[in-house]
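Input: a single structure, listed below in structure tokens.
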Amino acid sequence: MVGGVICCEHIGGEREWEGDEIVFVSSIANLFSLSLESDRTQAEIIQLLDTVSEVEEGDFITRAKVSDRSMGLVSDTFNRLLEQLGQVLGQALGTAQQVSANAAELEQLSNQVVETAEKQAQDASQVLNLTEQVQHSAQNSTTVVNLNNQSLANVRSTVEEGQGAISKMTLGI
């Protein structure tokens, strides 16, 4: 690509340029070329920095412009890093979604455990109430058995007294 032309003229007859004049003009051409190259490089750096700023703001779709110059290699490398970052973010998103799904599943299981524990607590309370009823029934039964035993003892005593009276009457006749 031609960026300009440096032209040196001489007015008058034919002239042969001297070596230091040729070196001087070549140096000016080289300085101009370096200046143009510096401007191009600076423009590419500004474009790359703009792209980096877009990425910093969260635009992971943007891409750096790649040229055939040395900055093109940097831009290409940056683009590959963006692609890899996109893959890492995709994996992180997938992992986050999986963690979220697992958390929801764990919450559901926790709720089931709570429901089961509440049911077991209700069942245990019913068993405790039934145990207390059985205990009261056993105490009542014990009282009834004791009263029956006492009644039987009274009956036995009365029967013995009655048999004794019958025996006396039978002997006395």
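The values are calculated or read from the model by the stated rules, or taken from the named source; none is laboratory data. It should be emphasised that the depicted structure is a prediction, and the values quoted were computed from it without experimental measurement. For neighbour counting, all protein chains shown are included, and Cβ atoms are generated from backbone atoms with ideal geometry for every residue, glycine included. Please note that ligands, DNA and RNA were not included when accessible areas were found on the heavy atoms of the full protein model with its side chains. Shrake-Rupley method; radii C 1.70, N 1.55, O 1.52, S 1.80 Å.
Is it true that GLY12 is in a loop (DSSP other than H, G, I, E, B), modelled with pLDDT under 85 and open to solvent by less than 90 Å² (accessible area, probe 1.4 Å)? Break it down stepwise before answering.
Values: in a loop (DSSP other than H, G, I, E, B): yes; modelled with pLDDT under 85: no; open to solvent by less than 90 Å² (accessible area, probe 1.4 Å): yes.
For GLY12, the condition - in a loop (DSSP other than H, G, I, E, B), modelled with pLDDT under 85 and open to solvent by less than 90 Å² (accessible area, probe 1.4 Å) - is not met.
Which of the following residues is loosely packed, with under 10 Cβ neighbours inside 10 Å and modelled with pLDDT under 95: ILE166, ILE173?
ILE173
Return a yes/no flag: does the range 74-91 have any residue that is modelled with pLDDT of 85 or more, part of a helix (DSSP H, G or I) and open to solvent by less than 60 Å² (accessible area, probe 1.4 Å).
Yes.
Please tell me if LEU49 is modelled with pLDDT under 80, loosely packed, with under 12 Cβ neighbours inside 10 Å and either farther than 30 Å from ILE6 by Cβ or β-branched (Val, Ile, Thr) (or both).
Answer is yes for this residue.
Out of the residues in the range 31-46 that are open to solvent by 60 Å² or more (accessible area, probe 1.4 Å) and under 30 Å from GLN87 (Cα atoms), state the one that is modelled with the lowest pLDDT.
Filtering first and then ranking leaves ILE45.
Report every pair of residues separated by at least 6 positions or lying on different chains whose Cβ atoms are under 6 Å apart, first residue within the range 114-142 and at negative phi, second of a type in the set (A, V, I, L, M).
That search, which allows pairs on different chains as well, returns nothing.
Are there any pairs, at least 6 apart or on different chains, whose C-beta atoms fall under 7 Å, with the first in the range 17-44 and touching a residue at least 24 places away in the same chain (Cβ under 8 Å) and within 21 Å of ASP76 (Cβ to Cβ) and the second hydroxyl-bearing (Ser, Thr, Tyr) and open to solvent by less than 70 Å² (accessible area, probe 1.4 Å), and if so, which?
Short answer, once both residue conditions are applied: GLU44/SER67.
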